[in-house]
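The values are calculated or read from the model by the stated rules, or taken from the named source; none is laboratory data. Bear in mind that the values here come from a model prediction, so they are computed numbers and not experimental data. Cβ sites come from the backbone with ideal geometry, for glycine too, and all protein chains shown count toward neighbours.
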Amino acid sequence: MRGSGVAAVAPANAYRFCGMCGTLLDMPTVGSLAQCPLCATQQNLRDWPSLGVTTTSGPQDLMRRYGVDPIVPLDSDMRGEAGKESIKERAKVNETCPKCGNKEMEYYTMQLRSADEGQTVFYECTKCKYKYSLNS
């Protein structure tokens, strides 16, 4: 059984909620009436204060969303030896660098394409730091 009270909301956010039952209002895709999905009460959007919505996403947000760990620290304040220590250790392979001819390269893999396709292999020369990638 439902209570007979009206949900209490902060006055600054009151326009987002139904004045009758307190449910979050559905925003219209066409027209200017927001409707309560529970009790069908309607509110005219023209009566609401003009507000803007801003969202911000950074590299950390995207990496958290997709479960990716950084290879190089994202913190721009990490410089010098302290920054080098936090770089993940990469596997080494006897591969010739196409730029300088060095016989050793580091590599790591990432799944950048759909799951039914191969991984992308990233190579970096240990001598000249030349980088390239191959789709496997």
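Things to note:
- Residue check for L74: within 17 Å of the chain's Cα centre (by Cα), modelled with pLDDT under 65 and among the hydrophobic types (A, V, I, L, M, F, W, C): yes
- Options R79, R65, R113: the member that is among the basic types (K, R), under 30 Å from F17 (Cα atoms) and modelled with pLDDT under 85: R65
- Members of the range 88-109 found to be over 25 Å from G67 (Cβ atoms) and in a loop (DSSP other than H, G, I, E, B), listed by number: N94, E95, T96, C97, P98, K99, C100, G101, N102, K103, E104
- Among the residues of the range 110-132, those identified as surrounded by 15 or more Cβ atoms within 10 Å (Cβ to Cβ) and within 21 Å of D69 (Cβ to Cβ) are T120, V121, F122, Y123, E124.
- Being in contact with a Gly (Cβ under 7 Å, 6 or more places away or on another chain) and under 23 Å from L62 (Cα atoms) is a condition met by no residue of the range 101-120.
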